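Everything below concerns the one structure shown next.
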Amino acid sequence: MRTGFEETLAARISRILADRIVAGEIDPGEWLRQDYIAEEFGASHVPVREAFRRLEAQGLVTSEPRKGVRVTAFDLPQVKEVAELRAALEELALRHAAPHLTPAILQAAEEAIRAGDISDDVRSWEEANRHFHQLILTPCAMPRLLAAIDDLHAASARFLFAAWQSNWEKQTDHDHRVILAALRKGEIDRACATLARHVRRIGRRGLPSPRGQQREAFIIVG
């Protein structure tokens, strides 16, 4: 039986490792060494294995029998899958959240849009973008749905950071403003349709490879 301490430690280990994977500090395909991680966190192997299971459930790592656990690589089909899932789940959440959106929540959402517009780096832009989505979706009061959406946002952030590790260009999110305006007018169908279209949009960016050639990185735009 796992103790409460081990479960708490497992959650902490998985959160920190997830942040590193999402930020690109651990490369796709890299092995996660159980011994090293246990030593880093001063933990036994039990919470580390639990952390690996959590990361696998989020799609961030893959367990390979008799080999270990490695960071999951991603490609265009995976990016498309995340975009489609986000579109379906976020539209559902917004329909349930819309009746409970107060003027204060909508004002906070507007401030999140402004924060994204002035962001000087990819991490602060992603935080502002995620905050906007959380503000308008959380009032749905469906914790399992929101947890699934949160995992998908983590995957989206990983694609984003992979494409924008350097040379960040400021982004202006017009869709967010359209969604916010529709919500303020009570145009729920329009807000939901715009949100679904928004998170389905996939961008591509050419990046130099270590050999000086170009490779493409795919991102979910919103």
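The values are calculated or read from the model by the stated rules, or taken from the named source; none is laboratory data. Worth saying up front: this structure is predicted, and the values here are computed from it rather than measured. Side chains included, ligands, DNA and RNA excluded: accessible areas come from the protein's heavy atoms. Shrake-Rupley method; radii C 1.70, N 1.55, O 1.52, S 1.80 Å.
Taken over the Cα atoms of the chain, the convex hull encloses 142 Å³ per residue. Solvent-accessible surface (1.4 Å probe) assigned to Val46 amounts to roughly 50 Å².
For the stretch 69-181, the mean projected area of the C-alpha convex hull, equal to one quarter of the hull surface, is 7.8 nm².
The largest accessible area among Lys185, Lys80 belongs to the first residue in Lys185, Lys80, and the rest follow in falling order (1.4 Å probe, all chains). Arg12 contributes about 110 Å² of solvent-accessible surface, heavy atoms of the protein only, 1.4 Å probe. Ellipticity at 222 nm from helices only: DSSP H runs of n ≥ 4 in the chain, each -39500 (n - 2.57), divided by the residue count, give -20500 deg cm²/dmol.
Please report, ordered by residue number, every helix of the chain (full DSSP H runs) that is 20 Å or longer along its axis going by C-alpha atoms and whose mean Kyte-Doolittle hydropathy reaches -1.0.
4-22, 76-97, 103-117, 122-137, 143-163
Expressed as a whole percent, how much of the Cα-Cα distance distribution for the stretch 16-147 exceeds 17 Å? For the stretch 16-147, the fraction of Cα-Cα distances above 17 Å is 69 percent.
Treating each Cα of the stretch 1-81 as one equal point scatterer and applying the Debye formula with no solvent, the log10 of I(q)/I(0) at q = 0.16, 0.25 Å⁻¹ comes out as -0.58, -1.27.
Above 19 Å lies some portion of the pair distances; for the stretch 44-121, what is it as a whole percent of all C-alpha pairs?
Tail fraction, whole percent: 64.
When both the stretch 19-84 and the stretch 97-153 are represented by their alpha-carbon centers, they are found 26 Å apart.
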